[in-house]
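Following: one structure in structure tokens, then a few remarks.
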């Protein structure tokens with residue numbers, strides 16, 4: 001298989017302005033007509049490498065060769081003109097426009113120079129969709145189509161702009177298992193058509209399934225490029241993580257205690273007033289972890305916001321230890337010993353320009369241990385900060401370092417340290433390990449289990465199915481604002497089954513019963 | 001913040017000042033017939049005599065008051081420009097109290113300055129309340145309110161405290177209410193001590209007290225503060241009340257100082273705007289406001305001496321100020337250099353890790 005090399009990245013080094021070395025001497029070569037996996041844990045530097053390739057980031061060192069000649073890629077426009085297309089994890093589509101309009105955006109066919117030739121646009125959009133067998137209604141508005149189709153639109157957008165090299169950044173993260181399979185068939189077609197696909201993922205089975213070669217990255221470095229059929233999944237994971245991964249945690253059976261949190265007939269609305277949670281009822285007991293899986297946007301955020309007091313836009317009843325919290329402020333709710341790891345660590349979870357110490361006491365500075373009537377007790381706070389930095393293995397220069405200068409994993413540890421150091425009875429963990437390195441993820445998961453064993457009630461919302469599977473004592477799937485399924489025997493559930501509930505193909509809430517044995 | 005980044009920020013500020021001065025010099029060269037004399041006077045003028053240097057210190061005092069006030073308001077990330085109006089009203093209120101209440105010496109200035117502060121506090125809180133109640137932009141409403149303050153003060157002046165013998169100024173402030181001079185043959189007054197005390201207390205408040213901590217959390221990330229359980233409305237209100245109190249006090253102190261004998265402010269004096277540059281130079285930390293105020297006062301005094309003796313006008317300083325603010329606020333200014341420095345540090349620590 002002596003295919004020609006279309007693109008080479010040599011000795012790429014990229015350091016971000018906060019001092020994080022995202023890529024350290026990484027090289028990558030791509031051949032015509034291959035699906036090339038870029039494999040690595042969250043935070044390994046895959047996305048950064050691709051941002052360099054797509055012209056979003058300028059490398060501090062290294063060069064890029066396109067068809068053998070050295071080139072610099074100044075901007076995404078530049079990358080597109082050189083035949084490189086990228087599909088981001090978060091879609092870059094205009095929801096109020098049609099599929100065809102989105103596809104031609106920026107490269108519209110013109111009529112008399114000043115007018116967009118819409119007929120031609122629809123024709124070309126249709127043509128390109130048919131050519132690659134994408135079953136899409138090009139006149140549908142983007143806001144009305146499901147996630148899986150949106151992704152196809154993104155791919156078509158790149159192809160329409162003449163992409164020979166297509167970068168897909170974790171394309172399956174937002175897809176159900178069924179949609180994933182469909183995507184793979186289409187990617188294979190693109191490969192057979194002579195295009196190069198870069199497939200960013202950390203899911204080994206997917207890489208085994210469709211990729212030809214894989215470049216494995218670990219903490220900013222390349223661990224080498226391998227032919228996928230010559231390397232076993234366990235070797236791949238060793239290279240990726242640096243040691244054997246234990247996905248199964250040693251877990252004591254749950255000792256379920258009293259109800260800590262009860263939700264009854266909850267209808268919750270987002271900031272635009274759209275109803276996102278529909279008539280949801282459940283109980284959460286001390287000593288158990290309730291995992292909530294589901295495609296993003298099915299009401300998880302609104303449920304969490306209602307429980308934690310961030311939003312009062314709900315009807316129905318939420319009780320913490322038997323007390324209704326509707327009239328409670330966020331501080332009142334926190335005083336009931338509720339800890340909350342928020343979904344978005346930078347916008348909600350911390351103040352990036354304040355230092356570690358200042359970030360660690362935002363939820364407990366009113367505690368008489370840490371402040372008097374007017375003044376903060378600086379010395380006590382300082383000592384406690386150092387203790388927490390040690391206990392939570394936070395890598396930093398000192399407690400006076402700005403939080404924004406830390407790596408994602410360490411920022412998350414600061415947040416977790418802050419939330420867990422109040423000895424909570426209820427923990428709401430929303431995507432607690434999203435986008436952080438393996439070490440930190442494992443640490444946080446272990447902490448969650450420790451608290452559960454100590455009798456704490458935990459809600460874990462996560463897009464990482466492995467995580468929900470391995471930690472949950474009960475597993476609920478959220479679909480259109482309700483639990484489409486609740487499983488008490490988590491081990492017996494398969495990913496396919498879960499996928500069907502996530503897609504709403506199966507939905508127990510509609511038939512009345514929601515409990516699964 | 002790591003030390004090298006801190007050092008870099010200090011260097012960046014210094015560099016901004018140097019560039020701004022150089023540009024001002026170029027302009028002086030372009031417009032003046034005697035550019036070297038002008039620049040020489042600008043720089044050395046303030047040190048030429050005891051009186052000139054005293055002028056620097058006198059000019060520093062109101063700058064510090066409004067600077068500290070704005071530091072506190074801006075720390076909560078509320079771009080409230082009503083400090084200007086608060087200062088103006090502060091002056092008016094001090095004059096009214098001094099003229100109308102007839103309090104005994106010693107008591108009168110204290111009461112007058114306290115009232116100035118209170119009125120200033122209420123005034124700067126108006127845009128904050130408007131924002132909380134109606135979600136109107138604090139920036140726009142505070143800007144407009146300053147003109148209401150100006151014309152309100154002019155109205156009171158003309159109708160209630162005007163000295164008919166003069167026309168557009170109040171009666172003379174009685175001796176019982178004026179502030180004494182601290183140093184003979186200058187007009188340096190106890191306001192200096194009060195301003196320095198405010199700088200220290202402002203620092204302690206912002207960085208050591210509970211409410212100051214809440215205020216900075218809110219200013220840095222409101223979303224995060226809310227999630228942590230902080231009452232944003234309370235924090236915003238307190239910060240604007242306190243900031244306005246200090247700015248208003250500044251107005252009162254200034255009016256009762258030996259510099260003025262009557263209330264005659266029929267246009268805004270601009271200390272509220274100057275506060276923004278003070279605040280920018282001191283990075284929102286009240287403790288650094290004396291330094292920033294000293295620098296600005298020095299530049300101002302130099303410029304006014306220059307304007308007196310040469311053909312360059314006072315306004316040149318406005319240009320210098322503008323450029324400094326632009327360069328300090330522009331995050332991208334010297335950002336490549338900063339990135340290189342950070343990259344170098346990161347690589348060095350990588351090598352260190354390999355050794356261990």
From the option list B:14, B:25, B:47, single residue qualifying as without any contact (Cβ under 8 Å) to a residue 40 or more places away in the chain and within 29 Å of residue B:83 (Cα to Cα) is B:14
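If you go through the stretch A:369-386 one residue at a time, do you hit one that is within 11 Å of chain B (Cβ to nearest Cβ), modelled with pLDDT of 90 or more and either within 28 Å of residue A:256 (Cα to Cα) or part of a helix (DSSP H, G or I) (or both)? Write out each step before concluding.
Looking only at the stretch A:369-386, we keep the residues that are within 11 Å of chain B (Cβ to nearest Cβ), and these are A:370-378, A:381.
Those still in the list that are modelled with pLDDT of 90 or more too: A:370-378, A:381.
Cutting the leftovers down to either within 28 Å of residue A:256 (Cα to Cα) or part of a helix (DSSP H, G or I) (or both) gives us A:378, A:381.
Yes - at least one qualifying residue is present in the stretch A:369-386.
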By residue number, the members of the stretch B:223-241 that are more than 12 Å from chain A (Cβ to nearest Cβ) and in contact (Cβ under 8 Å) with a residue 60 or more places away in the chain are B:235, B:236, B:237, B:239, B:240, B:241
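Tell me, yes or no, whether the stretch B:264-272 has at least one residue that is part of a helix (DSSP H, G or I), over 13 Å from the mean Cα position of the chain (by Cα) and closer than 20 Å to residue B:322 by Cβ. Walk me through how you get there before you give the answer.
Initially, the stretch B:264-272 is screened for residues part of a helix (DSSP H, G or I), giving B:271-272.
From the residues that got through so far, the ones that are over 13 Å from the mean Cα position of the chain (by Cα) too are none.
Scanning the stretch B:264-272, I find no residue that is part of a helix (DSSP H, G or I), over 13 Å from the mean Cα position of the chain (by Cα) and closer than 20 Å to residue B:322 by Cβ, so the answer is no.
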Residue B:77 fails exactly one of (1) in contact with a helix residue (DSSP H, G or I) (Cβ under 9 Å, 6 or more places away or on another chain); (2) part of a helix (DSSP H, G or I); (3) closer than 26 Å to residue B:334 by Cβ, namely (2)
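Given the residues A:434, A:418, which is the only one that is in contact (Cβ under 8 Å) with a residue 40 or more places away in the chain and within 14 Å of chain B (Cβ to nearest Cβ)? It would help to see each step written out before you state the result.
Values: A:434 fails: within 14 Å of chain B (Cβ to nearest Cβ).
Residue meeting the stated conditions: A:418.
If you check A:423, A:417, which single one turns out to be closer than 30 Å to residue A:291 by Cα and in a loop (DSSP other than H, G, I, E, B)? Can you show your working first?
Details: A:417 fails: in a loop (DSSP other than H, G, I, E, B).
When all the criteria are applied, what remains is A:423.
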Listed by range, strands (runs of 3 or more DSSP E) wholly within the stretch A:1-76 having at least 2 residues that are buried (at least 23 other Cβ atoms within 10 Å of the Cβ) and within 26 Å of the chain's Cα centre (by Cα) are A:5-15, A:21-31, A:35-40
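If you check A:116, A:145, A:84, which single one turns out to be surrounded by 13 or more Cβ atoms within 10 Å (Cβ to Cβ), in contact (Cβ under 8 Å) with a residue 60 or more places away in the chain and assigned by TED's automatic domain parsing to the domain that holds residue A:17?
Numbers: A:116 fails: in contact (Cβ under 8 Å) with a residue 60 or more places away in the chain; A:145 fails: in contact (Cβ under 8 Å) with a residue 60 or more places away in the chain.
Sole residue among the options that is surrounded by 13 or more Cβ atoms within 10 Å (Cβ to Cβ), in contact (Cβ under 8 Å) with a residue 60 or more places away in the chain and assigned by TED's automatic domain parsing to the domain that holds residue A:17: A:84.
Tell me which residues, restricted to the stretch A:260-296, are touching a residue at least 40 places away in the same chain (Cβ under 8 Å) and outside any strand (DSSP E or B).
Step one: of the stretch A:260-296, the residues touching a residue at least 40 places away in the same chain (Cβ under 8 Å) are A:260-271, A:273, A:275-280, A:282, A:284-296.
The answer is A:270, A:271, A:273, A:286, A:287, A:288, A:294, A:295, A:296.
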In the stretch A:307-338, anything over 19 Å from residue A:456 (Cα atoms), surrounded by fewer than 20 Cβ atoms within 10 Å (Cβ to Cβ) and away from every other protein chain (no Cβ under 14 Å) is listed as A:313, A:315, A:316, A:317, A:324, A:326, A:327
Against the definition (touching a helix residue (DSSP H, G or I) at 6+ places or on another chain (Cβ under 9 Å) and at pLDDT below 95), how does residue B:149 come out, yes or no? no
Picked from the stretch A:392-410 (must be within 12 Å of chain B (Cβ to nearest Cβ) and buried (at least 23 other Cβ atoms within 10 Å of the Cβ)), the residue modelled with the highest pLDDT is A:403
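The values are calculated or read from the model by the stated rules, or taken from the named source; none is laboratory data. Note that this is a predicted model, so its numbers are computed, not measured. Note that each Cβ is placed from the backbone with ideal geometry, even for glycine, and that neighbours are counted across all protein chains shown.
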